[in-house]
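One structure is given below, encoded as structure tokens.
What follows is calculated from the coordinates using simple rules that are stated; it is not laboratory data. What you see is a predicted model; the values in this text were computed from it and never measured. Here the Cβ is made from the backbone with ideal geometry for all residues, glycine too, and neighbour counts use every protein chain on show.
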Amino acid sequence: MIIKHFKFVWVVALFASATFAQDWQSTFNKGVEEISAGRNREAVETFRKANQIEPAVPEGHFNLGLALYNLKRYPEAVAAFEIAVKLKPTYTKAHIQLGIALDLSGNYQKSLAAFENAQELEPNNAAIFYERSHAHQNAGKKLLAVDDLKKTVALKPDHKAAYDSLAKLLDSSGSYDDAVPYYEKVAELDPKNAHAHRRIADFCVRKKRYPDAITAFKIAIALDPTDKHAFLGIGAAYFNSERFSEAADAYKQAIKLDPAWPLPTLYLADAYRQLKRFPDAKLTYQMALQLDPKLPDALYWLGAIAVTEQNMTLARTYHDRLKPIDPAKAARLLALITPPARN
């Protein structure tokens, strides 16, 4: 999976001295306007004309590279940025953009070399470390990516995107506890980041801090009412707080958002069972099995309900289906079906 780089590009405007031809200046300015307006195809042709007029101006090649980069024509962008840094070896921005374009062209090693050149020129430029972190991620070098992101936020403590990338990278690597402080920083810097609030809430559930989880889930849902995971999560927080009616309502919302997702249907059945609405629980467990025939909890509880109904034949059917999926749960169900004899 290719990690997208932050939309971090510079449009370089240049004012010509009297030595520059007037037609070059007007062509260059036109290209800058086109990139700024998002008309990158036009900008490519415009900067090519400008570079034909004055081929020794690095900014012309840099801006051509930007237009090509915006069009995702990365190998062509690489060529343009390479000319820019050859004409001006101290051109930090061009080295950074060259590193980005090389990464997105699939050339990790050359990308690192470009970022190294940029770092030699500006060792405290946070953008270098941030952009290089994406190259590391795309190459599967997660530890190096984490290191670069930490350097980014150390240099630029208000770098929202770096905190967000760092939190998500640690999260996806299974370092949940390490990710939490960074999600909290994201939420502080960007209070409208629904994903950050939701993941903070998820971690509160893991820590059994259910009131805090409910508060964070409510913020996430207010920011993004289409987040099915937030409704599932707040349902779990309510359920574990023994607020089963509220849990059921949350699970119903998750089902509305994704009717084919079996988990909220399963959990809704659990909530009905806790509310002693056994007919509703039975029907909902059956619906969950229609979505996923191998849900062990649904099979177990349908078997248990069959036992309470004295339908041992049906209970054994659920046991037989459950045994190859979850032998431990199957053994528990069998104990309900055939309790040990008393002396």
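Backbone amide hydrogens, once placed in the peptide plane, bring Ile325 within less than 5 Å of nothing, excluding anything fewer than 5 places away on its chain.
Here r is the Cβ-Cβ distance between Lys323 and Phe278 and R0 is 25 Å; the resulting FRET efficiency, rounded to 0.05, is 0.55. Mean residue ellipticity at 222 nm, helices only, the chain: -23500 deg cm²/dmol; runs of at least 4 DSSP H residues each add -39,500 (n - 2.57), and the sum is divided by the number of residues. Using 0.36 nm per residue and subtracting the Cα-Cα separation, the extra length available between Gln290 and Lys49 on full extension is 80.4 nm.
Once the Cα gyration tensor of segment 28-132 is found, what semi-axes does its equivalent ellipsoid get, as square roots of 5 times the eigenvalues, in whole Å, sorted largest first? It would help to have the intermediate numbers written out before the result.
On the way: eigenvalues 103, 41, 28 Å².
Over the Cα atoms of segment 28-132, the ellipsoid semi-axes are 23, 14, 12 Å.
The residue list Ile96, Gly65, Phe203 was ranked by how far each Cα lies along the charge dipole of the chain toward its positive end, using unit charges on Cβ atoms, and Phe203 comes out on top.
Computed from the C-beta positions of Lys160 and Asn124, the FRET efficiency with R₀ = 25 Å rounds to 0.85. Here Lys86 is the anchor, and the lysines within straight C-alpha reach of less than 21 Å, apart from those fewer than 8 places off in the same chain, are Lys49, Lys110. Separation between the Lys86 and Ala37 pseudo-spin-labels, each 7 Å from Cα along Cα→Cβ, expressed in nm? Rounded to a tenth, the inter-label distance reads 3.2 nm. For Trp261 and Asp23, the FRET efficiency from 1/(1 + (r/R0)^6), where r spans their Cβ atoms and R0 equals 41 Å, is about 0.10. Once both labels are positioned 7 Å from their Cα atoms along Cα-to-Cβ, the gap between Glu116 and Ala56 label points is 3.1 nm.
With +1 on each Lys and Arg Cβ and -1 on each Asp and Glu Cβ, how big is the dipole of the chain about its Cα centre, in debye rounded to the nearest 20? Walk me through the intermediate numbers first.
Working: 45 positive and 39 negative charges, 241 e Å.
Rounded to the nearest 20 debye, it is 1160 debye.
Across segment 100-117, coupling constants 3J(HN,Hα) worked out from phi with the 6.51/-1.76/1.60 Karplus curve, θ = phi - 60°, read 5, 5, 5, 4, 6, 8, x, 10, 5, 5, 5, 4, 4, 5, 5, 5, 4, 4 Hz, and Gly and Pro carry x. Peptides 56-65, 95-104, 198-207, 297-306, ordered by how many other C-beta atoms sit within 10 Å of their residues on average, highest first, read 95-104, 56-65, 297-306, 198-207. Across q = 0.07, 0.08, 0.10 Å⁻¹, the chain modelled as identical point scatterers on its alpha-carbon atoms has Debye log10 I(q)/I(0) values of -0.49, -0.60, -0.77, in the order of the q list.
What is the packing order of peptides 258-269, 22-33, taking the mean over residues of other C-beta atoms within 10 Å and listing the highest first?
Values: 258-269: 19.9, 22-33: 17.6.
Top to bottom by mean Cβ count within 10 Å: 258-269, 22-33.
The residue list Leu223, Pro262, Ala306 was ranked by how far each Cα lies along the charge dipole of segment 185-343 toward its positive end, using unit charges on Cβ atoms, and Ala306 comes out on top. Ranked by how many other Cβ atoms sit within 10 Å of their own Cβ, fewest first, the residues Asp148, Asp171, Asp177, Asp292 fall in the order Asp177, Asp292, Asp171, Asp148. Helix 22-36 and the long axis of the chain differ in direction by around 10°, with both axes built from C-alpha atoms.
Counted residue by residue at 0.36 nm each, then reduced by the alpha carbon distance between them, the extension gain from Lys192 to Lys72 reaches 40.3 nm.
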